[in-house]
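The values are calculated or read from the model by the stated rules, or taken from the named source; none is laboratory data. Bear in mind the structure is a predicted one, so any value in this text is a computation, not a measurement. Note that we place each Cβ from the backbone using ideal geometry, even for glycine, and neighbour counts take in every protein chain shown. Heavy atoms of the whole protein, side chains included, go into the accessibility calculation; ligands, DNA and RNA do not. Shrake-Rupley method; radii C 1.70, N 1.55, O 1.52, S 1.80 Å.
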Amino acid sequence: MKLIVVIPCFNEEKTLGSVLQSIPKRIPKINKIETLVVDDGSTDKTLKVARKHRVKHFVIHHQNQGLAKSFADGLDEALHLGADIIVNTDGDNQYPQEDIPRLIKPIMDGKADMVVADRQTDKIAHFSRGKKFLQKFGSSVVRIFSGVNVPDAVSGVRAYCRDAALHLNIFTDYTYTIETLIQAGKKKLQVVSVKVKTRVSGRKSRLIKNVWLYIKASAATTVRLFAIYEPFKTFSYIAFVVSLPGIILLLRFFYLFTIGIGSGHLQSLIIGSMFILVAFQIGLIGLLADLISINRKKSENILYRIKKMSIKKNNA
């Protein structure tokens with residue numbers, strides 16, 4: 001069984017060496033442990049450090065393309081290299097790589113397709129109360145939308161079996177953490193969580209430069225993905241909200257009409273009817289989107305089969 005540890009990096013020369021040194025050299029039942037560094041347009045000595053530590057596999061972006069693109073490219077390359085299990089970790093040395101055997105154990109035992117590291121944010125001293133609240137609230141929202149019960153939805157350290165990795169398709173440009181969980185839930189993959197400890201990172205987060213912008217981007221990603229995978233339900237909710245003012249106005253008109261004073265309130269009838277008409281049109285859009293999603297599911301199934309065939313051919 002082959003394990004590949006993928007490390008997306010952007011200017012991580014100070015910490016990458018420590019990460020590479022701490023990756024276990026031997027794990028029971030794992031025949032090969034290899035490392036893949038995704039250099040996302042680094043302008044420092046990240047590549048030099050990786051080569052110094054005898055990293056054999058690289059994906060190199062000549063310009064910075066973002067974390068989601070780095071993750072997707074790393075996952076794809078690891079599959080083509082014949083990985084049976086893929087671990088994605090950070091290059092900032094925040095996570096102890098000694099936990100990798102615990103992280104992959106549920107996959108090796110056949111109890112999970114995907115494992116998410118739980119950072120236990122309630123116990124992280126350098127996290128503010130606001131950040132802890134947002135993390136917990138965000139994980140709850142993702143749980144509702146995805147149907148996947150993990151306490152730390154935005155944790156970046158994860159393990160994937162080969163089949164789970166083949167099923168994932170990254171659409172967003174910002175972050176992959178929420179997207180992969182929603183996809184896993186909608187594709188009925190078994191996801192579990194394993195508790196890990198974290199260190200204080202030596203630098204500020206490059207992903208969360210502004211908390212409110214991060215919340216905005218994460219919320220947009222969540223809603224967009226829910227609309228992709230549950231289009232009829234999404235548009236039905238919107239149609240229901242839009243129809244409420246129309247229903248209220250129409251009831252008001254008919255009530256006034258029955259008591260004999262409705263003739264002066266035709267505006268309620270007209271405006272209420274407009275709301276109902278718009279809600280009906282939104283419902284039709286949802287029905288059309290739901291029919292389109294059938295073709296998307298077929299396309300994803302074809303893509304999964306093509307990926308699988310490609311990997312078999314490369315490793316033949």
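In contact (Cβ under 8 Å) with a residue 40 or more places away in the chain, open to solvent by less than 10 Å² (accessible area, probe 1.4 Å) and either not aliphatic (A, V, I, L, M) or not in a strand (DSSP E or B) (or both): is that true of V87 in this structure? Working first, answer last.
Working: in contact (Cβ under 8 Å) with a residue 40 or more places away in the chain: yes; open to solvent by less than 10 Å² (accessible area, probe 1.4 Å): yes; either not aliphatic (A, V, I, L, M) or not in a strand (DSSP E or B) (or both): no.
No.
Is one or more of the residues making up segment 105-119 free of Cβ contacts under 8 Å to residues at least 60 places away in the same chain, over 19 Å from I30 (Cα atoms) and not charged (D, E, K, R)?
no
Which of the residues that make up segment 110-134 are open to solvent by 10 Å² or more (accessible area, probe 1.4 Å), within 20 Å of Q94 (Cα to Cα) and modelled with pLDDT of 75 or more?
Listed by number, the residues that qualify are D118, R119, Q120.
Residue check: is G82 surrounded by fewer than 22 Cβ atoms within 10 Å (Cβ to Cβ), in contact (Cβ under 8 Å) with a residue 24 or more places away in the chain and either on the phi > 0 side of the Ramachandran plot or in a strand (DSSP E or B) (or both)? Reasoning before the result, please.
Working: surrounded by fewer than 22 Cβ atoms within 10 Å (Cβ to Cβ): yes; in contact (Cβ under 8 Å) with a residue 24 or more places away in the chain: yes; either on the phi > 0 side of the Ramachandran plot or in a strand (DSSP E or B) (or both): yes.
Against the criterion (surrounded by fewer than 22 Cβ atoms within 10 Å (Cβ to Cβ), in contact (Cβ under 8 Å) with a residue 24 or more places away in the chain and either on the phi > 0 side of the Ramachandran plot or in a strand (DSSP E or B) (or both)), G82 qualifies.
Go through D44, D84, D40, D73 for me and flag whichever is under 18 Å from the mean Cα position of the chain (by Cα) and either of a type outside the set (A, V, I, L, M, F, W, C) or at pLDDT 95 or above (or both). Explain how you work it out, then say what you get.
Details: D44 fails: under 18 Å from the mean Cα position of the chain (by Cα); D84 fails: under 18 Å from the mean Cα position of the chain (by Cα); D40 fails: under 18 Å from the mean Cα position of the chain (by Cα).
Within the list D44, D84, D40, D73, the selection yields D73.
Tally up the residues in segment 32-53 that are in contact with a helix residue (DSSP H, G or I) (Cβ under 8 Å, 6 or more places away or on another chain) and open to solvent by less than 100 Å² (accessible area, probe 1.4 Å), please.
Taking segment 32-53 first, the residues in contact with a helix residue (DSSP H, G or I) (Cβ under 8 Å, 6 or more places away or on another chain) are 35-40, 46, 49-50, 52-53.
Adding the requirement that they be open to solvent by less than 100 Å² (accessible area, probe 1.4 Å) leaves 35-40, 46, 49-50, 53.
Within segment 32-53, residues that are in contact with a helix residue (DSSP H, G or I) (Cβ under 8 Å, 6 or more places away or on another chain) and open to solvent by less than 100 Å² (accessible area, probe 1.4 Å) number 10.
Restricted to segment 54-79, and to residues that are open to solvent by less than 60 Å² (accessible area, probe 1.4 Å) and assigned to a loop (DSSP other than H, G, I, E, B), which residue is farthest from K2 (Cα to Cα)?
G66
Go through segment 8-50 and report how many residues are assigned to a loop (DSSP other than H, G, I, E, B), under 22 Å from D99 (Cβ atoms) and hydrophobic (A, V, I, L, M, F, W, C). Before the answer, list the steps.
Quick first cut of segment 8-50, residues assigned to a loop (DSSP other than H, G, I, E, B) only: 10-15, 23-31, 41-45.
Keeping just the survivors that are under 22 Å from D99 (Cβ atoms) gives 12, 14-15, 23-31.
Okay, now just the ones that are also hydrophobic (A, V, I, L, M, F, W, C), so 23, 27, 30.
Of the residues in segment 8-50, 3 are assigned to a loop (DSSP other than H, G, I, E, B), under 22 Å from D99 (Cβ atoms) and hydrophobic (A, V, I, L, M, F, W, C).
All but one of (1) surrounded by fewer than 16 Cβ atoms within 10 Å (Cβ to Cβ); (2) at pLDDT 95 or above hold for K29, so report the exception by its number.
Among (1) surrounded by fewer than 16 Cβ atoms within 10 Å (Cβ to Cβ); (2) at pLDDT 95 or above, the lone unmet condition for K29 is (2).
Could you list, in sequence order, all residues of segment 135-159 that are buried (at least 16 other Cβ atoms within 10 Å of the Cβ), without any contact (Cβ under 8 Å) to a residue 60 or more places away in the chain and not in a helix (DSSP H, G or I)?
V148, V150, P151, D152, A153, S155
For segment 239-259, which residues satisfy the criterion of being of a type in the set (A, V, I, L, M) and crowded, with 17+ Cβ neighbours inside 10 Å?
Our first condition is that a residue be of a type in the set (A, V, I, L, M); within segment 239-259, this holds for 239, 241-242, 244, 247-251, 256, 259.
Listed by number, the residues that qualify are A239, V242, L249, L250.
Please go through segment 90-106 and pick out each residue that is under 14 Å from T35 (Cα atoms) and either of a type in the set (A, V, I, L, M) or in a helix (DSSP H, G or I) (or both). Even if it seems obvious, please write down each step before you answer.
Within segment 90-106, the first condition is being under 14 Å from T35 (Cα atoms), and the residues that meet it are 90-91, 97, 100.
Listed by number, the residues that qualify are Q97, I100.
Find all pairs meeting these conditions: Cβ atoms under 6 angstrom apart; at least six residues apart or on different chains; first residue within segment 14-36 and within 15 Å of I85 (Cα to Cα) and among the β-branched types (V, I, T); second residue outside any strand (DSSP E or B) and open to solvent by less than 30 Å² (accessible area, probe 1.4 Å).
From segment 14-36, the pairs are I23/Q97; T35/V55.
When segment 160-195 is examined, which residues are found to be within 30 Å of K14 (Cβ to Cβ), touching a helix residue (DSSP H, G or I) at 6+ places or on another chain (Cβ under 7 Å) and open to solvent by less than 10 Å² (accessible area, probe 1.4 Å)?
Initial filter on segment 160-195 (within 30 Å of K14 (Cβ to Cβ)): 160, 165, 170, 172-180, 193-195.
Now restrict to residues that are touching a helix residue (DSSP H, G or I) at 6+ places or on another chain (Cβ under 7 Å): 165, 170, 172-176, 178-179, 194.
Across segment 160-195, the qualifying residues are A165, T175, Y176, I178, E179.
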